[in-house]
Amino acid sequence: MIFGAHPGPNPELGYCYRYREVRYSPGADDWGDPIPRAAGEHLGIWINEYPVLRMTPHGFWFLDHYEDRERFVNLSWTKQCAHRTKEAARDAFIERKRKQIRILHNTIIDAQELLRMALEQKSLGVAHQVVR
């Protein structure tokens, strides 16, 4: 397919959806430097709406405006980049955030243990390899 030349949306097939997070900048200071964003502030959730181009026995094709390309979603895939209903897209977003929290929580635990190990070495006045 020629870049930028996509078939038009099929109104009978409707749309598919994806929730995504956005982080807004609080602005810039007097010198044009970005103002740091405080954790938990200037956040939002957007719902991207994509026209479904065609259905297949195993899924659907949609037009991703942001990447200017067609994308396929297999309905048997565990992870899908878009969903046929806003509710399913919201539920997938919730699961993505839960998984992100689990991963980051484990990363924090690792960082705390590594810090403890380094401080233990410092207090003993040694520098050697420690494996746990």
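The values are calculated or read from the model by the stated rules, or taken from the named source; none is laboratory data. Treat the numbers as computed from the prediction; the structure is a model and nothing was measured. Note that each Cβ is placed from the backbone with ideal geometry, even for glycine, and that neighbours are counted across all protein chains shown. In case anyone asks, the SASA skips ligands and DNA or RNA and just uses the protein heavy atoms, side chains included. Shrake-Rupley method; radii C 1.70, N 1.55, O 1.52, S 1.80 Å.
Structure values in brief
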{"item": "Single match in 47, 94 (criterion: open to solvent by 40 Å² or more (accessible area, probe 1.4 Å), touching a residue at least 24 places away in the same chain (Cβ under 8 Å) and outside any loop (DSSP other than H, G, I, E, B))", "result": "47"}
{"item": "Condition met for residue 74 (within 19 Å of residue 10 (Cα to Cα), of a type outside the set (Asp, Glu) and out of contact with any Phe, Trp or Tyr (no Cβ under 6 Å at 6 or more places or on another chain))", "result": "yes"}
{"item": "Complete set of residues in the range 51-70 that are open to solvent by 50 Å² or more (accessible area, probe 1.4 Å), in a strand (DSSP E or B) and over 15 Å from residue 10 (Cβ atoms)", "result": "69"}
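Listed here are the residues, each with its yes/no results for (1) in a loop (DSSP other than H, G, I, E, B); (2) in contact with a Lys or Arg (Cβ under 7 Å, 6 or more places away or on another chain); (3) within 24 Å of residue 46 (Cβ to Cβ); (4) open to solvent by 80 Å² or more (accessible area, probe 1.4 Å).
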site: 90; (1), (2), (3), (4): no, no, yes, yes
site: 102; (1), (2), (3), (4): no, no, yes, yes
site: 111; (1), (2), (3), (4): no, no, no, no
site: 122; (1), (2), (3), (4): no, no, no, yes
